[in-house]
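One structure below.
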Amino acid sequence: MKQCLVFLVIISLVASCSSPTPPPTSSPIPSLTPTPMPTSTPIPTATPTPPPRLTPDVQVIQGFTGSLGDLNPWSLESEKMLTPSNLIYESLLTLPKASFSLNPLLAQDYRVAPSGKMMTFTIPDGIYWHDGVPFTAEDVKFSLEAALSPEHNGPLSAYSGLVERVETPDQRTVIVRLKEPYCPLLTELGLVKILPRHIYASAPIPSHQKAIGTGPFRLVRWDESGCVLESFGDYHGGDVRAKRWIYRRFKTREALLEALREGDIDLAVLEPDEAALLEGERILQLFRYPSMEFYFIAFNNEDPVLEDVQVRKALSLALDRKHILAEVLGGEGVLIGGPFPPGYLGADDPPIPRYDPVQARRLLLEAGWVDKDGLLEKGGEPLQISVAANGENPLRTRVAMLVAQYYRAIGIDAEVHIVEWGTLLEMLFKQNFQAAVFSWPIGPDLDLSPFFSSQEREPKKGFNFVSYVNPRVDALLEEGLRAPSCDPVKRADICNQLVHILAEERPYDFLFMPYTIIATNSPAFLLNWSKGL
């Protein structure tokens, strides 16, 4: 399928050591007592007092440890929030934080023909590159063609077979003609960073020396200690509210946190266990928002035990999700009933399974399992479930251990199978597993077909490694790919129907999304953040 190359790249985002180190915990698994579970968990948001008017020389100093990444706006590293690349380069469209609503950025507007085979972007006057050269439709054409090029290993090369051509009938219009309708491509084209043709036509991969964008900040200096960005005076988005954005490297997390407390830096992205250390600091405000990576238990739907939806529902009811989230992340996350954060689709969220071990056992008994001295069996065979996770990832490992304990509490002979990252991938994509703790990053589009289309379940090829098959889901997935004019409201409605079916049939047991946590004492950051920067 066309998306597979894209998701093979995304695999690296969920690699073995990508998770934060969980805080130490020792709380026991509660007894078999049902606990009411709300249908959704609200996301806490900060509502700071508006800061005073800023002086022209105000600056934001952001601390970090490890690598700052690079300035290639097409690299995976650049997709992280608050990286220099995201302040230098821009895309035609933008997505607000934690919602699906494509809004104009470099494009003045956009439209899709009812056939879905022609996408048109209108480019406004008055946008300039950081070197003063006017921004035109030719820059967009160059960037989209390069991004789609397999020859240059562009970030959208997996979609090259869908595009017939890119046209620029004038300096303010870009038309992308498709061979067939495919709505996710609107999102991909709209969000890819645009590069200046006059700079990168001969060197398509941006270097530190040639970081020329249209964004609110331009590059001044880059070295091992960090980098310095300066506000772009001709920025088309208006007042940037900060003269400089400085990235300062720290050798240890302890030194970074101390700098935050002392006010030596204005901003840092925290690990989950660091938030509690800074709560109550009067000079700091903490912002939390879903990290757009969802954790789940993958159930092999062809397994003799787990092919029964009654069993999968019982396993969902066996888990105290709030307790699991508290144990593995200190509560720094949001519980989910589907693959999106609460409110993302602008409709009723799928329900979060309540913790009800009594009902879980009842469902298993109704499914033909018999209680033998506290353990369940059928036909003389015990109810056994193996939960796999990769050992290099402490968060997944800890979740797997807790899940197995909850399964044992309702009479299941559950064991945890800790393997190496490569072994876990082999188990999943050969579909040689029962249950596994895994996580996917949420792509920018609503399309879920790579995970749940029946066409994607072929071993070693498709990403539907849980072997989920539902003709109604297949029809909805296809409808979402080809919605007339790629109407976002229609597509969100289709996706909402999908996630409610998934919540009912449980091919995945959706668990939580960790929070990304930002600590800041900077009025300039608060103002820029409110504008979506």
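The values are calculated or read from the model by the stated rules, or taken from the named source; none is laboratory data. Because the structure is a prediction, the values reported are computed rather than measured. Counting neighbours? That spans all protein chains shown, and the Cβs are built from the backbone with ideal geometry, glycine included.
Quick notes on this one:
- Listed by first and then second residue, the pairs linking a residue in segment 367-393 that is assigned by TED's automatic domain parsing to the domain that holds Ser439 and on the phi > 0 side of the Ramachandran plot to a residue that is surrounded by 13 or more Cβ atoms within 10 Å (Cβ to Cβ) and in a strand (DSSP E or B), with Cβ atoms under 7 Å apart and 6 or more places separating them unless they lie on different chains, are Gly368/Lys378.
- Segment 300-324 residues that are assigned by TED's automatic domain parsing to the domain that holds Ile336 and within 19 Å of Glu366 (Cβ to Cβ), paired with ones that are of a type in the set (Lys, Arg) and crowded, with 18+ Cβ neighbours inside 10 Å (beta carbon under 7 Å, 6 or more apart): Leu306/Arg312; Val309/Arg506; Arg312/Arg506; Lys313/Arg506; Ser316/Arg506
- Selected residue [outside the structural domain of Trp440 (by TED's automatic domain parsing), of a type outside the set (Gly, Ala, Ser) and not in a helix (DSSP H, G or I)] from Leu286, Leu277, Leu256, Leu260: Leu286
- Odd one out for Lys117, checked against (1) in the same structural domain as Ala201 (by TED's automatic domain parsing); (2) closer than 28 Å to Ser202 by Cα: (2)
- Checking every residue in segment 396-406 against the condition of being of a type in the set (Ser, Thr, Tyr), part of a helix (DSSP H, G or I), over 27 Å from Thr516 (Cα atoms) and over 24 Å from the mean Cα position of the chain (by Cα) gives at least one match.
- Residue under evaluation Tyr407, criteria (1) surrounded by fewer than 22 Cβ atoms within 10 Å (Cβ to Cβ); (2) on the phi < 0 side of the Ramachandran plot; (3) not hydrophobic (A, V, I, L, M, F, W, C), criterion not met: (1)
- Hits in segment 434-458 (condition: farther than 17 Å from Phe299 by Cβ, in contact (Cβ under 8 Å) with a residue 60 or more places away in the chain and among the charged types (D, E, K, R)): Asp445, Asp447
Conditions tested, residue by residue: (1) among the basic types (Lys, Arg); (2) touching a helix residue (DSSP H, G or I) at 6+ places or on another chain (Cβ under 6 Å).
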| position | (1), (2) |
| --- | --- |
| Lys322 | yes, no |
| Glu332 | no, yes |
| Gly338 | no, yes |
| Pro342 | no, no |
| Leu345 | no, yes |
| Asp348 | no, no |
| Ile352 | no, no |
| Asp356 | no, yes |
| Arg361 | yes, no |
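- Qualifying positions in segment 448-462 - at pLDDT 95 or above and assigned to a loop (DSSP other than H, G, I, E, B): Leu448, Ser453
- Restricting attention to segment 370-380, the residues that are closer than 15 Å to Ala414 by Cβ and either modelled with pLDDT of 95 or more or hydrophobic (A, V, I, L, M, F, W, C) (or both) total 3.
- Glu164 meets each of the listed conditions (1) modelled with pLDDT of 95 or more; (2) crowded, with 17+ Cβ neighbours inside 10 Å apart from (2).
- Flag if Ala113 is in contact with a Phe, Trp or Tyr (Cβ under 8 Å, 6 or more places away or on another chain) and either modelled with pLDDT under 90 or small (Gly, Ala, Ser) (or both): no
- Residue in segment 117-131 that is in a loop (DSSP other than H, G, I, E, B) and farther than 20 Å from Pro196 by Cβ present: yes
- When segment 416-440 is filtered for residues that are loosely packed, with under 15 Cβ neighbours inside 10 Å and of a type outside the set (Lys, Arg), the ones remaining, listed by number, are Glu420, Gly422, Thr423, Glu426, Asn432.
- Odd one out for Leu383, checked against (1) within 29 Å of the chain's Cα centre (by Cα); (2) over 30 Å from Gly330 (Cα atoms); (3) of a type in the set (A, V, I, L, M, F, W, C): (1)
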